[in-house]
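Take a look at the structure below.
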Amino acid sequence: MSGTKNFPTSSRRELPWAEASALRQHLNAVVNGDTQAATEVREAVEGRATQRIELSKRNSKLEELASMQHAHTANHSKKPDNDEPT
């Protein structure tokens, strides 16, 4: 068998542009080993990967805001005293 790749041509239906473009990307990724096309296909299906964020030093303003938020949620989570008869 020679190194040529033959694809069936019996399907003659018309494809919308988006479907034809997606098919071309899949073929490039699988047949040609195009990693950029494979990445494009994966991102189209799964969405883009989130970027990693690293904090390298302490941020006093951020710590202050976090402690204020903690105090706020602690004050609102207390149950009111219902010792008085109604």
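Ranked by the mean number of other Cβ atoms within 10 Å of their residues, highest first, the peptides 37-45, 13-21 come out as 37-45, 13-21.
Using a simple spin-label model with pseudo-atoms 7 Å out from Cα toward Cβ, ALA71 and ALA44 lie 5.3 nm apart.
Packing-based ranking of 28-35, 58-65 yields 28-35, 58-65, ordered from highest to lowest mean Cβ neighbour count within 10 Å. Across region 20-34, rounded Karplus estimates of 3J(HN,Hα) from the backbone phi angles (6.51 cos²θ - 1.76 cosθ + 1.60, θ = phi - 60°) give 5, 5, 5, 4, 5, 4, 4, 5, 4, 5, 7, 6, 8, x, 6 Hz, Gly and Pro being marked x.
Throughout, read-outs are computed from the coordinates displayed, never taken from laboratory work. Everything quoted here is computed from the prediction, not taken from an experiment. Backbone-built Cβ (ideal geometry, glycine too); neighbour counts: all protein chains shown.
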